[in-house]
Amino acid sequence: MTNPLEIDHLTIDEQNRTRALNLTSFIVEAPAGAGKTELLTQRFLRLLTTVNSPEEIIAITFTNKAAAEMRLRIMDSLMMAANNHPPTAAHKQITYDLSLKALGHAEMHDWQLIENPARLRIFTIDSLCAHLTRQMPLMSRFGTQPSVTEDASVLYQQAAQQTLAELESTQHGELVKTALHYVDNNAEQLIGLLASMLAKRDQWLHHAQETFDAEHTQTIINHLVNQTLKLAADSVQPALQQLLMPVARFAAANLPVESNIGALIDWDTSLNHAPVHLSQWRALASLMLTDQGEPRKEKGLNVKFGFPPTDEGKAHKQTLCEVIEAVGDLSALHRVRQLPDLGNTHENWLMVGALSKLLNLAVAKLWLVFQRNNKVDFVEIASRATLALTDHFGEPTDLALKLDYQIQHLLVDEFQDTSPSQIALIEQLTQGWQADDGRTKYPSGDGRTLFCVGDPMQSIYRFRKANVSLFLQAAERGIGDIHLTRLPLYRNNRSHPAVVNWINDTFKGIFPSTDSMAQGAISYREFIATKTDISDAGIHIHPIVSPAEESSELAKQREA
């Protein structure tokens, strides 16, 4: 039986699907199985009825497969309309009606879409960047177009090695020496660190190239530390801390003073978000969590962790497990471990300043490596595409002005997987678009729209520098001058209720309890199954024991 809250959410879902076809800018949260591709197809077809040419619409996604599927869906819909084959499903009827209107508009303008499907401009984010750099090779600073490599690790290593080769140079020698001192003269370690940072340079390069202000940066770090500790304090309330104090003192007393929980040996005052409590918060994280951030289980708490097999030890273990269960979401406490120390700030910032200069040098070396090998990575393609749209003074280039005239509507699929450089590209593509001021006939100002669709819970491209906080930021603040109205969807058309309900119950406790842009955290969004329930539907877990695990278990039995 569907509860009233689900009925309300399904009503909102239906209303938002209808709103998504309006000529304004939206960001749509579409969970798995919500029919996202169908909605994008409908949106694209709706836009085809409004433009002077199909090239005025650009759709962006992340994989060749997704781009091909979107193109196929649109063309199949147009073909069904052209052949007068109406569908039976209600949601397909909407697509069919939009296809009829799109074909009528196309015929009026002699587009010949069925014969020329290439006129539908559907790109992957990387193919769009490559397309832009090919149009303006001088502006993009590429000259001849290089090939793109998915694994540039060898090129990063070469650039890092060439950076360290400046050790004997008069211009950069002292800089390299300072950095080597930081890693105890371990050249291989420094090369590895530089190579890993080069892979993520779109996250930090714009900061490294700005004038370095240690005092301001320290203020920001203090704020982030304070904010993270506040989340931890909100998670482990003072009442629960009171229960933990005797447990922590007992465990710490049974371990060497230098142990991970040694800072709690005299703990008798509740911890708050003051940075002075950072070491104790870290110790508390070690007491309550494994190194991987998993809650400690009573079975694993033994003398190694300060809990001897005595009645007192067992009682304290039980209390600790009860508190862990009461807290529930311990992700904020786990993030405390990643916070930087706040001592020796002057010395630390001298080193940060030196490393910042060294990273800029490494980026310059990487550009030379790219040119020598005629290869670049995805980050470089995106960066150079942005350069092709903006000159040295921040003004739009001829290419940007040309695109500004051509592009009327931009659709971005899988938006949860965008990176900072890709957001910058979208800002450049939409620069100059007029927002709604209440005086124009278009809800979005000049009639041009940005439409973003994604599921922040499915962000998978962290290796491509994607960050789910960018999704939250776009939903709250928009992109550039474009305000995005948030449209949440709740319907799951793929799975039966028993499966969806199990996923909702299981993952709600795994995800953070609240969204946080600063922490890159996203809370779980429950969704609702629309399929009819069946008696044998559900989740069945089938454990698989590997030969190694099996032999280990048999060995334990033999020992017993």
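The values are calculated or read from the model by the stated rules, or taken from the named source; none is laboratory data. The structure displayed is predicted, hence computed values, not measured ones. Note that each Cβ is placed from the backbone with ideal geometry, even for glycine, and that neighbours are counted across all protein chains shown. Keep in mind that these areas ignore ligands, DNA and RNA; they rest on the heavy atoms of the full protein, side chains included. Shrake-Rupley method; radii C 1.70, N 1.55, O 1.52, S 1.80 Å.
Identify the residue in segment 180-231 that is among the charged types (D, E, K, R) and part of a loop (DSSP other than H, G, I, E, B) and, among all such residues, is surrounded by the most Cβ atoms within 10 Å (Cβ to Cβ).
200
Would you say residue 28 is outside any helix (DSSP H, G or I), surrounded by 14 or more Cβ atoms within 10 Å (Cβ to Cβ) and modelled with pLDDT of 95 or more? Quick ask: steps written out before the conclusion?
Values: outside any helix (DSSP H, G or I): yes; surrounded by 14 or more Cβ atoms within 10 Å (Cβ to Cβ): yes; modelled with pLDDT of 95 or more: yes.
Spelling it out, residue 28 is indeed outside any helix (DSSP H, G or I), surrounded by 14 or more Cβ atoms within 10 Å (Cβ to Cβ) and modelled with pLDDT of 95 or more.
Just to be sure I understand, how many residues within segment 366-386 are crowded, with 21+ Cβ neighbours inside 10 Å, assigned to a helix (DSSP H, G or I) and charged (D, E, K, R)?
The total comes to 2.
Quick check on this structure: which one of 198, 164, 205 is under 26 Å from residue 421 (Cα atoms) and modelled with pLDDT of 90 or more?
Exactly one residue qualifies, and that residue is 198.
Right, residue 81: closer than 21 Å to residue 39 by Cβ, in contact with a helix residue (DSSP H, G or I) (Cβ under 9 Å, 6 or more places away or on another chain), without any contact (Cβ under 8 Å) to a residue 60 or more places away in the chain and among the small types (Gly, Ala, Ser) or not?
Details: closer than 21 Å to residue 39 by Cβ: yes; in contact with a helix residue (DSSP H, G or I) (Cβ under 9 Å, 6 or more places away or on another chain): yes; without any contact (Cβ under 8 Å) to a residue 60 or more places away in the chain: yes; among the small types (Gly, Ala, Ser): yes.
Taking the combined requirement at face value, the residue satisfies it.
Considering only residues that are of a type in the set (A, V, I, L, M, F, W, C) and open to solvent by 40 Å² or more (accessible area, probe 1.4 Å), look in segment 473-503 and name the one that is nearest to residue 419 (Cα to Cα).
Looking at residues that are of a type in the set (A, V, I, L, M, F, W, C) and open to solvent by 40 Å² or more (accessible area, probe 1.4 Å), I get 503.
I want to confirm something. Restricting to segment 90-133 and keeping residues that are in a helix (DSSP H, G or I) and of a type in the set (Lys, Arg), which single residue is farthest from residue 426 (Cα to Cα)?
Checked segment 90-133; the qualifying residue farthest from residue 426 (Cα to Cα) is 92.
Restricting segment 261-301 to residues that are touching a helix residue (DSSP H, G or I) at 6+ places or on another chain (Cβ under 8 Å) and of a type in the set (Lys, Arg), which is surrounded by the fewest Cβ atoms within 10 Å (Cβ to Cβ)?
Restricting to residues being touching a helix residue (DSSP H, G or I) at 6+ places or on another chain (Cβ under 8 Å) and of a type in the set (Lys, Arg), the top hit is 297.
Of the residues 66, 89, 59, which single one is open to solvent by less than 70 Å² (accessible area, probe 1.4 Å) and free of Cβ contacts under 8 Å to residues at least 40 places away in the same chain? Outline the logic, then answer.
Working: 66 fails: free of Cβ contacts under 8 Å to residues at least 40 places away in the same chain; 59 fails: free of Cβ contacts under 8 Å to residues at least 40 places away in the same chain.
Just one listed residue meets the conditions, 89.
Condition (residue is more than 24 Å from the chain's Cα centre (by Cα) and at pLDDT 85 or above) applied to segment 375-392: is it met by at least one residue?
For segment 375-392, residues more than 24 Å from the chain's Cα centre (by Cα) and at pLDDT 85 or above: present.
Being closer than 20 Å to residue 326 by Cβ and out of contact with any Pro (no Cβ under 9 Å at 6 or more places or on another chain) is true for just one of 244, 289. Which residue is that? Working first, answer last.
Details: 289 fails: out of contact with any Pro (no Cβ under 9 Å at 6 or more places or on another chain).
Only one candidate qualifies: 244.
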